[in-house]
Amino acid sequence: MHGRPLAPAATRRAIIRQYDVCGMIGQHAMAGVTDGNLAHTQSSRAIDAYTLNGEPIGEIAQFALQCGALGLPMIFLGGDDAAVIEEEGADRLLFLVHGGYIGGNCSFVQG
């Protein structure tokens, strides 16, 4: 669930809690990932990196943490192949389904 303008956080949380799992589509790697298509974290003009316990995290990890706080596991991630590299250190099984750049896009499944 996403769009502009964003609904208030309390409204989004109430809606999100109605789901059992979460997924991301069209995601990119965080700032600093080599060969990342559109790699950035929030604002590439103002943010070099976010860290958690000394490790860099990007928007993928931030979203997964937010969903985890609501009790929702992240079961799907679709985006560029550099996003797979970003998430390889996570405690998840990753499958690269399609790699390469077609119009700046490619996709993979995280399971």
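Here, each number is a calculation from the coordinates, and none is a lab measurement. Because the structure is predicted, anything quoted here is derived from the model rather than measured. Counting neighbours? That spans all protein chains shown, and the Cβs are built from the backbone with ideal geometry, glycine included.
Placing dummy labels 7 Å off each Cα toward the beta-carbon, the span from A46 to Q66 is 1.6 nm. Here M30, M74 are placed in order of increasing Cβ neighbour count within 10 Å, fewest first, which gives M74, M30.
The trypsin sites (Lys or Arg not before Pro) of the stretch 8-39 that DSSP puts in a loop, and whose beta carbon has at most 16 other beta carbons within 10 Å, are R17. Remark on Q27: its backbone amide H falls under 5 Å from those of G78, G79, D80, a criterion applied only to residues 5 or more positions apart or on other chains, H modelled at 1.01 Å from N.
Each label point was placed 7 Å from the Cα along the Cα-to-Cβ direction; for L38 and I16 their separation is 2.0 nm.
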